[in-house]
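The next block holds one structure in the form of C-alpha cells; read it before the comments.
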Amino acid sequence: SRVSSLVVTAGMKTIRAWDITTGDEIFCMPKLYSRRILALSFSIADDELFIGYDDASIQCVDLTTYTEKWKILFEEPGDSEHLCPHLISFSPDNCLVLIGYRGRPMLAWSLDSPSRGPQKCIRPEDRYGRHHNTWKAGTPECVVWRPDLLVVLIIYNDNALFEWNIEDDTQREISEIGAREMA
C-alpha cells in the first residue's frame, strides 16, 4: 500500500492483508477464481484491490464488501489461443497494466479504456521479416515502474535492460548492465 502500512499476499485459496507494523492480519478473503495470481495492487485509497491472473484477466475487488466490482480479460482481437502470461505489473496509479508473455512483445493495456488495443514494446533485435512487421521476442523477466512517469524498466531473459516510455512509445537499451534482478 502507498498510503498505509498494509501488505497483501495471495495463496492457493485465500488473499490476505497484513499490517506490517504490528504483524496483525487485517482481512482474509477467499480467492474468487482458481487461476494463479501473478500481480496484486492496492488502489490509491486502499479501498480496492487489483488482481492479475495467469489467464490475462484483471479483477477489481471492493475491499469494503469483498465483492468483485469488475473483471476484464485482456486479449488482442483474434488471439484467443494465447499462452498464459509470464508476468503482470500494474502502474503506480493503476491506470495501466503490463502483460508479458514468453516469446511475445510486452503489452501495455489501459484499465480506463480496455477496448482500446494495447501498446507493444518490441525490441529492435526482435523485429524480423521482410518488412520488419513480424517479431521474435525475448521473454520479459522483471519490470519496475518509475513512480512519476509512464516509464518502465524491463529486464529480458537475455539480461538486456530496456527502458520503455509508454507515453511517447519510445524505447532505449541501457547497455552493458547484464542485470538479472532490479528493484
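The values are calculated or read from the model by the stated rules, or taken from the named source; none is laboratory data. These figures come from a predicted structure and were not determined experimentally. Heads up, the Cβs are rebuilt from the backbone with ideal geometry, glycines too, and the neighbour counts pull from every protein chain shown. We work out accessible area using only protein heavy atoms, side chains counted, and drop any ligands, DNA or RNA first. Shrake-Rupley method; radii C 1.70, N 1.55, O 1.52, S 1.80 Å.
Quick look at the numbers
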quantity: Charge tally in the Cβ shell below 12 Å around G11, where Lys, Arg are +1 and Asp, Glu are -1, G11 excluded; calculated: +4
quantity: Contact order relative to length of the chain, as percent, for alpha carbon pairs under 8 angstrom and 6 or more apart; calculated: 10 percent
quantity: Fully extended contour minus Cα-Cα distance, from Y66 to I174, at 0.36 nm per residue; calculated: 34.7 nm
quantity: Loop sites in segment 1-94: GluC sites (Glu not before Pro), DSSP, at most 12 other Cβ within 10 Å; calculated: E81
quantity: Listed residues S34, S110, S43, most fluctuating in the chain (Gaussian network, C-alpha, under 10 Å); calculated: S34
quantity: Total charge dipole magnitude, segment 6-110, about the Cα centre, Cβ charges on Lys, Arg, Asp, Glu only, Debye to nearest 20; calculated: 360 debye
quantity: GNM flexibility winner over the chain from D62, D148, D54 (Cα, springs under 10 Å); calculated: D148
quantity: Accessible-area value, T67, 1.4 Å probe, nucleic acids and ligands omitted, Å²; calculated: 70 Å²
quantity: Computed E for M29/S1 - FRET, C-beta separation, R0 25 angstrom, nearest 0.05; calculated: 0.95
quantity: Dipole moment magnitude, nearest 20 debye, segment 144-183 about Cα centre, only Lys, Arg, Asp, Glu C-beta charged; calculated: 140 debye
quantity: Gain in span if fully extended, D19 to D54, counting 0.36 nm per residue against the direct Cα distance; calculated: 9.9 nm
